[in-house]
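Only the coordinates and a few stated rules stand behind these numbers; no lab work does. What you see is a predicted model, and the numbers here were worked out from it, not measured in a lab. In this analysis, Cβ positions are derived from the backbone assuming ideal geometry, glycine residues included, and neighbour counts consider all displayed protein chains.
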Amino acid sequence: MTEQETLDRVARDPRYQALVAERSRFAWILSWIVVGLFMAFILTIALDKAALAAPIGDRVATWGIPAGIGLILLAILSIALFTRRANRRWDPAMAEIMADAAGRERQ
């Protein structure tokens, strides 16, 4: 059996199709959360600079600084969440699907 036949068998596997759908859905959700908050930040800068330029209490720092740092941390967190789920859930599932496809080849 050729490698292409193995890949075709994997692509037809319902577990693989479910895995791809779940992974894609999770990636889009994380992406839209990050993009939405970044857009809100940019729109706030464009439409109401004073909101982010306002000082935090009696300090020199403004609200824009923690908002910007928060967005950076959110992006890092979304990458960490995706990677964690991929390593703990999707990679083992994919290895099982590949092993089953390769096992059926040998039979």
Original post:
So, in the stretch 45-91, of the ones that are in contact with a strand residue (DSSP E or B) (Cβ under 9 Å, 6 or more places away or on another chain) and part of a helix (DSSP H, G or I), which residue ends up surrounded by the fewest Cβ atoms within 10 Å (Cβ to Cβ)?
Top reply: ALA53
Subject >> Complete set of residues in the stretch 8-21 that are in contact (Cβ under 8 Å) with a residue 40 or more places away in the chain and assigned to a helix (DSSP H, G or I) >> reply: ARG9, VAL10, ARG15, TYR16, LEU19
Original post:
Restricting attention to the stretch 22-43, which residues are without any contact (Cβ under 8 Å) to a residue 12 or more places away in the chain and more than 30 Å from ILE97 (Cβ to Cβ)?
Top reply: VAL35, GLY36, MET39, ALA40, ILE42, LEU43
